[in-house]
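Worksheet for the structure shown next.
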Amino acid sequence: MRLASSRPLTRSYWLQSLQENLQPTLALEGEHDADVAIIGGGFVGLWTALTLKERDPNINVVVLEQDICGGGASGRNGGFVMSWWPKIGSLLSFCTKEQALFLAHAAEHAITELGEFCEQHQIDAHYVRRGWLWTATTPAHIDSWNSTLESCARLGAAPFERLTKDAVAQMSGSDVHLAGVFERSNATVQPGALVRGMRAVALQAGIRIFEQTPVGSIEPGNPVRLVCTKGHVSARSVVLANNAWAASVPELAKLIVPVNSSIVVSEPIPSRLEQIGWTGQQSITDSQLMVDYYRTTRDGRIAFGKGTGALAYGSQIDETFSSHPESIALTEADFRRTYPSLASTPITSAWSGPIDRTYDSLPVFGTLGGSPNIHYGIGWSGNGVGPSRLGGRILASLALGVKDEWSTCPLVGRSCKTFPPEPFRYWGGSVVRNAVIRKERAEMSGARPSAIDRMLAGLAPAGLEDKA
């Protein structure tokens, strides 16, 4: 099977600020052998490699990355380290109560583990654990979280706190926020610094990392042969951890659709943040389907993102997922609407990035049909910084052929709603996306969306949080 590759994406602000640490490892040349070869050097691939080394220090692990580690989604996201409590309703749709609690608690504990990992390895990833606000910025979205809180209550869990309107406005620094709930366990990181720090730990552990090494094709067998530009790798097991790029594999293309998300970053404004009262370092998202997500940085900037949802025909990872002017304009417009007092604050950096979206916004793991030694973990849907720790455990168990709580968890081999093939995927997805934009613009202005837009928007995949 052939794999799609793309030229390196435009660097995000997170990686631009780490220029001195971006020297790539050598590209792969010649013939190499491995016990496990991992395609993708982001959070999922590196956690898988590190977990394999934890379990067997002598295992021969190779990571193949077409750009640099973090050049894809792992170095382009908002740096939100979230749990799966907002997705508890989706978990319960295919898990027992016990299984849903296991995964939700494990995802919450992964936030703690990430902080401990950074401390242990002295990674300055700007890890800050100050919680997450889930808000409504229009009356139509108030109480969007009720079904999620009710599901948690039925399970005996209470991860969220309801807040008054005044409390939400004060914590967020904006009166645009009308209501909200608070999840105390969540954190933020500088994602570029985290992924580059993980890379350094992996290299120290003896994991071989080849950057600027796209895999052109996979030849199944025992061993699997990975064909690269200037060499080959023969591996007993292969892990596909290439997220949105996995859509080039026909068997996986139906499970995910790559959509874009965009982020704008302001100049440093620490004194203005103090004036508006946004000093608690909480991360925030609103309740739009094309969600706004935003946080402050160590040097007093605002990083404001939006799940802008643009697609590319054939799921090609092109400029749509690097620097997409329309999406960046939508993102900046929502930043100005949310913080009108900062209307004159300059934007100093902007970019887009790929999200591998499943229909329910939870990942899926499995093994390719007819290839018992090729495994995948895809569909992180914009929430991979924290849960990727669990993904590394699941994929390590699959690669090792170990039957344990990770390889047998309900995320493995689950039945998912699938996306249509082209051209229906692109044209139909674009029609639905435009309906969502019109619907949410109407809601933000206090108008009632048209019936056709409400109907079409209902066909969209689930967002970052479950909705009522």
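The values are calculated or read from the model by the stated rules, or taken from the named source; none is laboratory data. Predicted, not measured: the structure shown is a model, and the values here were computed from it. Cβ atoms come from the backbone with ideal geometry, glycine included; neighbour counts cover every protein chain shown.
Does F321 satisfy the condition of being touching a Pro at 6+ places or on another chain (Cβ under 7 Å) and within 30 Å of F419 (Cα to Cα)? Don't jump to the end; show me each part of the working.
Working: touching a Pro at 6+ places or on another chain (Cβ under 7 Å): yes; within 30 Å of F419 (Cα to Cα): yes.
Against the criterion (touching a Pro at 6+ places or on another chain (Cβ under 7 Å) and within 30 Å of F419 (Cα to Cα)), F321 qualifies.
The residues of the stretch 279-301 that are farther than 19 Å from K439 by Cβ and of a type in the set (A, V, I, L, M) amount to a single one, I284. When I111, I39 are checked against the criterion of being within 18 Å of G384 (Cα to Cα), at pLDDT 95 or above, touching a Leu at 6+ places or on another chain (Cβ under 7 Å) and not aromatic (F, W, Y), I39 stands alone in meeting it.
Of all the residues in the stretch 317-352, those that are in a loop (DSSP other than H, G, I, E, B), closer than 27 Å to A244 by Cα and of a type outside the set (D, E, K, R) number 4. Checked across the stretch 401-412, the condition of being within 24 Å of T51 (Cβ to Cβ) and in a strand (DSSP E or B) holds for at least one residue. Specify the residue that is nearest to T279 (Cα to Cα); the eligible residues are those in the stretch 167-181 that are in contact (Cβ under 8 Å) with a residue 12 or more places away in the chain and assigned to a loop (DSSP other than H, G, I, E, B). The residue in question is G173. List the strands (runs of 3 or more DSSP E) inside the stretch 198-309, counting only whole elements, that have at least 3 residues being under 19 Å from the mean Cα position of the chain (by Cα). Hits in the stretch 198-309: 257-266, 283-285, 292-296, 302-306.
Which of the residues spanning the stretch 43-78 are among the aliphatic types (A, V, I, L, M) and under 15 Å from the mean Cα position of the chain (by Cα)?
Keep residues of the stretch 43-78 that are among the aliphatic types (A, V, I, L, M), which gives 44, 46, 49-50, 52, 59, 61-64, 68, 73.
Residues satisfying the conditions are V44, L46, A73.
Looking only at residues in the stretch 380-430 that are surrounded by 17 or more Cβ atoms within 10 Å (Cβ to Cβ) and among the polar types (S, T, N, Q), the one that is nearest to A247 (Cα to Cα) is S381.
Looking only at the stretch 403-436, count every residue that is touching a residue at least 40 places away in the same chain (Cβ under 8 Å), under 24 Å from V239 (Cβ atoms) and hydrophobic (A, V, I, L, M, F, W, C) and tell me the total. Residues flagged as touching a residue at least 40 places away in the same chain (Cβ under 8 Å), under 24 Å from V239 (Cβ atoms) and hydrophobic (A, V, I, L, M, F, W, C) within the stretch 403-436 amount to 5. Restricting attention to the stretch 40-64, the residues being touching a helix residue (DSSP H, G or I) at 6+ places or on another chain (Cβ under 7 Å) and part of a strand (DSSP E or B) number 2.
Condition check ((1) free of Cβ contacts under 8 Å to residues at least 24 places away in the same chain; (2) of a type outside the set (G, A, S); (3) within 21 Å of A125 (Cα to Cα)) across all residues:
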{"site": "A4", "(1), (2), (3)": "no, no, no"}
{"site": "A37", "(1), (2), (3)": "no, no, no"}
{"site": "G40", "(1), (2), (3)": "no, no, yes"}
{"site": "G45", "(1), (2), (3)": "no, no, yes"}
{"site": "T48", "(1), (2), (3)": "no, yes, yes"}
{"site": "T51", "(1), (2), (3)": "no, yes, yes"}
{"site": "Q66", "(1), (2), (3)": "no, yes, no"}
{"site": "G70", "(1), (2), (3)": "no, no, yes"}
